[in-house]
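Undergrad: Sharing a structure below in structure tokens format, with a few things to ask.
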Amino acid sequence: MNSEKLSYRLETVTKYIPHGYRLADIGSDHAYLPCHVVQKGIVAWAVAGEVVEGPFQSAKRQVEEEGLIDQISVRKGDGLDVIEVGEVDCITIAGMGGALIASILEKGKDKLVDVKRLILQPNISAISIRVWLMENGWVLISEEIIEEDGKIYEVLVAEQGDEQSAYQKNLEKGLLFGPFLLDECNEIFKKKWKAESKNWKSILAKLEHASDTPENRLKKEELIRKISLAEEVLENEEG
Ligand code: SAM
């Protein structure tokens, strides 16, 4: 992968960046994503944010090598600390866990007042992001599930607005599976939740033999609930 030929995962993220928006890519690593969208003329200006020195240096090098230092500002810092209020219209955060993405948004909330769109690609726990979005006045406007090199990824797109509107049908299922993904229920979605359900069942089986502490009881209840929700969703589809 490079900025000319992005991974399918990052390519999918870029599809949702509106033309002409000022972008911040947080956790940019090599800055492939901002370099790509600037080279393609999708955005004219971007920030590449990185908290770790090595990836920050890689991002700087990449931007210099591509001759994009006037169009991409590479900044070192934690999450949204690297941007000012009103500086960007769109933020991408990709390739991290959902809980980390949600914590970056939570810590940097003040920077989001003028941001129009968030495009988030969690590797795991998309539910943490959906919950954060719902509690903070962001409405999901689109979701996509993709598979690349045997791994399944979700992409969540949100704008400021009526946070409940995406969850009219069923809040609990919507938060866990994704309201748009649930409606679409494609083959990749089914594959993901069959695998998750199998994994939950094996954790549950181990917990059955573990000591009967309140904590384990709670974990078991949660797993049983999630397994039953997944079965409902998959059965509905198959039935
Ligand atoms: N976004 C790229 C992608 O999707 O291919 C890189 C993903 S890489 C696995 C995650 C990057 O996020 C790492 O370079 C890491 O240093 C950076 N990162 C993690 N926490 C961060 C934070 N709080 N603020 C900025 N960058 C962060």
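The values are calculated or read from the model by the stated rules, or taken from the named source; none is laboratory data. This structure is a prediction, so every number in the text was calculated from the model and none was measured. Every residue, glycine as well, gets a Cβ built from its backbone with ideal geometry; the counts of neighbours run over all protein chains shown.
Undergrad: Exactly one of these conditions fails for Met134: (1) within 30 Å of Gly108 (Cβ to Cβ); (2) not assigned by TED's automatic domain parsing to the domain that holds Tyr21. Give me its number.
TA: Checking Met134 against (1) within 30 Å of Gly108 (Cβ to Cβ); (2) not assigned by TED's automatic domain parsing to the domain that holds Tyr21, the one that fails is (2).
Undergrad: Being under 18 Å from Asn123 (Cα atoms) and either of a type in the set (A, V, I, L, M, F, W, C) or not assigned by TED's automatic domain parsing to the domain that holds Arg117 (or both) is the filter here, so list the residues in segment 12-30 that pass it.
TA: Val13, Ile26
Undergrad: Next question. Can you pull out the residues in segment 190-239 that are among the acidic types (Asp, Glu) and over 18 Å from Ile124 (Cβ atoms)?
TA: Passing the criteria: Glu208, Asp212, Glu215, Glu221, Glu231, Glu232, Glu235, Glu237, Glu238.
Undergrad: Right, next: Looking for whichever is farther than 25 Å from Val85 by Cα and of a type in the set (A, V, I, L, M, F, W, C) here; the options are Leu6, Leu23, Leu33. Which one fits?
TA: Leu6
Undergrad: Residue check: is Glu64 away from the ligand (no atom under 11 Å from the Cβ) and either part of a loop (DSSP other than H, G, I, E, B) or not assigned by TED's automatic domain parsing to the domain that holds Lys15 (or both)?
TA: no
Undergrad: Among the numbered conditions (1) in a helix (DSSP H, G or I); (2) surrounded by fewer than 19 Cβ atoms within 10 Å (Cβ to Cβ); (3) away from the ligand (no atom under 15 Å from the Cβ); (4) not acidic (Asp, Glu), tell me where Ile69 comes up short.
TA: The one condition Ile69 does not meet is (1).
Undergrad: Here is a check on your reading of the model: is Glu154 assigned by TED's automatic domain parsing to the domain that holds Tyr21 and surrounded by 15 or more Cβ atoms within 10 Å (Cβ to Cβ)?
TA: yes
Undergrad: Answer yes or no as to whether Lys191 is closer than 17 Å to Val233 by Cβ, among the basic types (Lys, Arg) and assigned to a loop (DSSP other than H, G, I, E, B).
TA: So Lys191 fails the test.
Undergrad: A further question follows. I need the full set of residues from segment 7-23 which are within 13 Å of the ligand (Cβ to nearest atom), of a type outside the set (Ser, Thr, Tyr) and either within 23 Å of Lys111 (Cβ to Cβ) or surrounded by 19 or more Cβ atoms within 10 Å (Cβ to Cβ) (or both), in order please.
TA: Once the filter is applied, which keeps residues that are within 13 Å of the ligand (Cβ to nearest atom), of a type outside the set (Ser, Thr, Tyr) and either within 23 Å of Lys111 (Cβ to Cβ) or surrounded by 19 or more Cβ atoms within 10 Å (Cβ to Cβ) (or both), segment 7-23 yields Arg9, Leu10, Val13, Leu23.
Undergrad: If you don't mind, there's one more thing I want to ask. Sort through Ile91, Ile26 and tell me the only one that's closer than 20 Å to Trp138 by Cα, touching a residue at least 40 places away in the same chain (Cβ under 8 Å) and away from the ligand (no atom under 11 Å from the Cβ).
TA: Of Ile91, Ile26, the one residue that is closer than 20 Å to Trp138 by Cα, touching a residue at least 40 places away in the same chain (Cβ under 8 Å) and away from the ligand (no atom under 11 Å from the Cβ) is Ile91.
Undergrad: Of the residues Glu148, Glu187, Glu222, Glu196, which single one is farther than 26 Å from Gly95 by Cα and out of contact with any strand residue (DSSP E or B) (no Cβ under 6 Å at 6 or more places or on another chain)?
TA: After applying the criteria, what remains is Glu222.
Undergrad: Is it the case, given these coordinates, that Val52 is among the β-branched types (Val, Ile, Thr) and surrounded by 14 or more Cβ atoms within 10 Å (Cβ to Cβ)?
TA: Taking the combined requirement at face value, the residue does not satisfy it.
Undergrad: Turning to a different aspect of this structure: As an exercise: evaluate Trp193 against (1) within 16 Å of the ligand (Cβ to nearest atom); (2) more than 16 Å from the chain's Cα centre (by Cα); (3) buried (at least 17 other Cβ atoms within 10 Å of the Cβ) and give the number of the one condition it does not meet.
TA: (1)
Undergrad: Just checking, how many residues over segment 94-111 are near the ligand (Cβ under 10 Å from one of its atoms) and of a type in the set (A, V, I, L, M, F, W, C)?
TA: 5
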